[in-house]
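Written below as structure tokens is the structure these notes are about.
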């Protein structure tokens with residue numbers, strides 16, 4: 001049966017059923033309309049399809065706006081090793097072994113495992129009496145050494161705001177940092193914090209220099225920032241490279257917030273008088289440790305590093321090493 005014959009038969013069935021079939025214009029192809037029951041079924045199917053299409057659309061989940069993401073930078077670890085700095089990828093060295101000894105009491109105090117509880121023990125300031133004694137070199141190496149621990153993370157803060165040198169020593173350009181957070185409420189710590197390719201090490205630059213840096217370090221904003229930094233992660237140890245104690249006032253202000261202070265003394269260079277004055281300037285700090293830099297251990301051993309620690313005055317002694325004394 002042809003399509004035309006089928007359509008004619010269907011048309012006859014619809015007329016017999018009482019369905020009113022309007023006349024078509026002359027010459028138009030006679031196509032039988034669908035019965036009402038068919039139209040109802042088609043409408044229902046269309047509605048069901050629309051519902052299914054709505055259900056298949058991706059659901060937009062309401063989520064809070066993502067906070068600022070810390071920048072990630074790549075440290076040239078080979079270049080750092082060539083400069084005498086500790087690198088996690090470098091072969092075992094004498095200076096690395098020395099810092100393993102130096103860091104041990106600091107970590108114990110920071111994690112509450114020392115001889116006595118130390119308030120804010122995970123806030124550690126590295127300073128010196130005068131410039132050129134190796135405090136920045138010490139701060140970087142100490143941070144690197146602690147970053148190699150299995151149970152700790154470390155943040156290295158360049159708090160030498162009058163004369164920052166941490167980024168330069170690490171081969172990095174100047175960048176916003178600590179002072180920018182303290183002067184601009186819209187800037188969050190995470191925006192200026194640098195994550196590094198040493199997974200457990202992050203760096204906070206000193207930031208944009210400010211004429212009232214001392215007041216900023218003594219401000220309530222600084223106290224709040226230190227509280228946030230110290231308590232956000234229980235395994236975090238924070239190393240502050242600060243200005244020399246006898247040359248600026250910023251370091252003395254910063255020391256009032258610290259749990260531990262490491263005073264770097266250059267052997268055969270810094271006078272005993274200057275060391276005593278420097279230690280007196282941080283008398284309020286609960287733990288003061290002294291690290292003797294470039295101490296001559298023997299005629300054939302070259303210069304080295306030493307450390308001393310205790311509650312009150314520290315006494316240093318030397319280790320042989322070929323490392324640089326840094327800044």
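The values are calculated or read from the model by the stated rules, or taken from the named source; none is laboratory data. Just so you know, these numbers come straight off a predicted model, no measurement behind them. Note: ideal-geometry Cβ built from the backbone for every residue, glycine included; neighbour counts use all protein chains shown.
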Do we find a residue being within 29 Å of the chain's Cα centre (by Cα), modelled with pLDDT of 90 or more, crowded, with 19+ Cβ neighbours inside 10 Å and assigned to a loop (DSSP other than H, G, I, E, B) anywhere in region 285-303? no
Residue 156: in the same structural domain as residue 265 (by TED's automatic domain parsing), crowded, with 20+ Cβ neighbours inside 10 Å and in contact with a strand residue (DSSP E or B) (Cβ under 7 Å, 6 or more places away or on another chain), yes or no? yes
Surrounded by fewer than 16 Cβ atoms within 10 Å (Cβ to Cβ), at negative phi and in contact (Cβ under 8 Å) with a residue 40 or more places away in the chain: is that true of residue 113 in this structure? no
Checking the structure you have, find out if any residue of region 191-199 is surrounded by fewer than 19 Cβ atoms within 10 Å (Cβ to Cβ), in contact with a strand residue (DSSP E or B) (Cβ under 6 Å, 6 or more places away or on another chain), touching a residue at least 40 places away in the same chain (Cβ under 8 Å) and under 24 Å from residue 73 (Cα atoms). yes
Which one of 213, 218, 255, 281 is surrounded by fewer than 20 Cβ atoms within 10 Å (Cβ to Cβ), within 30 Å of residue 173 (Cβ to Cβ) and more than 20 Å from the chain's Cα centre (by Cα)? 218
